[in-house]
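Below is one structure, written out as structure tokens; comments come after it.
The values are calculated or read from the model by the stated rules, or taken from the named source; none is laboratory data. Remember, it's a predicted structure, so these values are computed and weren't measured experimentally. We place every Cβ from the backbone using ideal geometry, glycine too, and count neighbours over all the protein chains shown. Surface accessibility is based on the protein's heavy atoms, side chains included, excluding ligands, DNA and RNA. Shrake-Rupley method; radii C 1.70, N 1.55, O 1.52, S 1.80 Å.
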Amino acid sequence: MRQRLALALLLLNFHIYGQCAIGQHSVGQKYDTIYVSTESTTYLIFDEPISLVNLGSKEYEAKADDPHILFIRARTTLAKRSTIVVTHGDEILIAYVAFKMNSQAFYDFRKKQLPKVEIVENTEQKPIENKLKRIARLPRNVKIEAKKQQIELNLLNLYNDNEATFLRFSLHNQSSIIYDLDYVSFAYIEKRKRTTKRSNTLNGGLQEVEPLTKVEKLLTESGKSNEYLYALPLYSTTEDGFLQVIFREKAGLRSIIIEIPFKKILRAELF
């Protein structure tokens, strides 16, 4: 009898600890159920390396190619609700996993927080637009650049939240000719490797995406820089994919392409 009581108490403490681990991630939300689909991968992101993953059903598959990111997908649309246990560092995540056609792409369990920036909020504007204004005041946190004919494009900031991926670019014109920017396009590129006897080929899938909101100035005079800020809807693609951003010049040949690896987007700071 005493052994059964001790075992029950041990299991109860284990359950409570796991539930606390769920509630302690950086966005301050508690996920009782992690929803995944068969069409796209769902990503669980942790501060500490993943040491153990256990799924209660073979109707789901999970892998951790990156020690801090767990990739989960349902094998079938008929997958029933199951359990999932993940140990990361000294913490344990205990939750349920279930199939949902339009599932959430990211579950961010990191505890990192950005420094607070004091600004005057405009209550008439949408929260996403306010976040773009805040990002414009933050120090650079990523470095990806592209150059073409004395035009330099830099990715200065990259953040995620539960709704969007935030990007801040600077475009510097070092030439003597005005860079008249026509528009900026975004597309997620998925890479799938297909091995043949002679060589490896890449079959890429392209998914264009429109910004939720943006702050931009389209004309860059000689010797000057402009900044461009965009909020893109969250998107789930293969771990080998990337976000292609093209700054297109009006009636010119100096369009610049910058590629942001999807793994870098997954590891972006939480805003």
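Taking the options Gly252, Gly223, name whichever one is open to solvent by less than 60 Å² (accessible area, probe 1.4 Å) and on the phi > 0 side of the Ramachandran plot. Let's see the steps before the verdict.
Working: Gly252 fails: on the phi > 0 side of the Ramachandran plot.
Residue meeting the stated conditions: Gly223.
Which residue pairs have Cβ atoms closer than 6 Å, lie 6 or more positions apart in sequence or on different chains, and pair a first residue in region 116-136 that is within 18 Å of Pro233 (Cβ to Cβ) and of a type in the set (Gly, Ala, Ser) with a second residue that is part of a loop (DSSP other than H, G, I, E, B) and at pLDDT 90 or above?
Qualifying pairs under 6 Å: none.
Which of the following residues is modelled with pLDDT of 85 or more and either over 30 Å from Leu219 (Cβ atoms) or open to solvent by 20 Å² or more (accessible area, probe 1.4 Å) (or both): Ile135, Ile128, Ile151, Ile119?
On the way: Ile135 fails: either over 30 Å from Leu219 (Cβ atoms) or open to solvent by 20 Å² or more (accessible area, probe 1.4 Å) (or both); Ile151 fails: either over 30 Å from Leu219 (Cβ atoms) or open to solvent by 20 Å² or more (accessible area, probe 1.4 Å) (or both); Ile119 fails: modelled with pLDDT of 85 or more.
Testing whether each residue is modelled with pLDDT of 85 or more and either over 30 Å from Leu219 (Cβ atoms) or open to solvent by 20 Å² or more (accessible area, probe 1.4 Å) (or both) leaves just Ile128.
Scan region 103-113 for residues that are closer than 15 Å to Asp47 by Cβ and open to solvent by less than 40 Å² (accessible area, probe 1.4 Å) and jot them down.
The first filter runs over region 103-113 and keeps only residues closer than 15 Å to Asp47 by Cβ, leaving 106-113.
Of everything in region 103-113, those that are closer than 15 Å to Asp47 by Cβ and open to solvent by less than 40 Å² (accessible area, probe 1.4 Å) turn out to be Phe106, Tyr107, Asp108, Phe109, Arg110.
For region 159-214, which strands (runs of 3 or more DSSP E) that fit wholly inside it have 3 or more residues that are surrounded by 13 or more Cβ atoms within 10 Å (Cβ to Cβ) and modelled with pLDDT of 85 or more? Lay out the reasoning, then the answer.
Working: elements: 164-173, 179-195, 200-209.
Strands (runs of 3 or more DSSP E) meeting the threshold: 164-173, 179-195.
Contact list please: Cβ distance under 6 Å, first residue in region 62-74 and in contact (Cβ under 8 Å) with a residue 40 or more places away in the chain, second residue open to solvent by less than 10 Å² (accessible area, probe 1.4 Å), pairs at least six apart or on different chains.
Hits for this filter: His68/Phe46; Ile69/Tyr43; Ile69/Ile45; Ile69/Leu266.
Report the residue count in region 215-265 for those that are of a type in the set (A, V, I, L, M), under 16 Å from the mean Cα position of the chain (by Cα) and modelled with pLDDT under 90. Explain how you work it out, then say what you get.
First, pick out the residues of region 215-265 that are of a type in the set (A, V, I, L, M): 215, 218-219, 229, 231-232, 234, 243, 245-246, 251, 253, 256-258, 260, 265.
Imposing the further condition that a residue be under 16 Å from the mean Cα position of the chain (by Cα) reduces the set to 231-232, 234, 243, 245, 260, 265.
Within this subset, residues satisfying the condition of being modelled with pLDDT under 90 are 234.
Final tally of qualifying residues: 1.
Give region 23-69 a look and list any residue that's within 18 Å of Thr87 (Cβ to Cβ), at pLDDT 90 or above and polar (S, T, N, Q), or say none.
Ser51, Asn54, listed by residue number.
For region 46-102, how many residues meet the condition of being crowded, with 19+ Cβ neighbours inside 10 Å and over 23 Å from the mean Cα position of the chain (by Cα)?
Counting residues in region 46-102 that are crowded, with 19+ Cβ neighbours inside 10 Å and over 23 Å from the mean Cα position of the chain (by Cα) gives 1.
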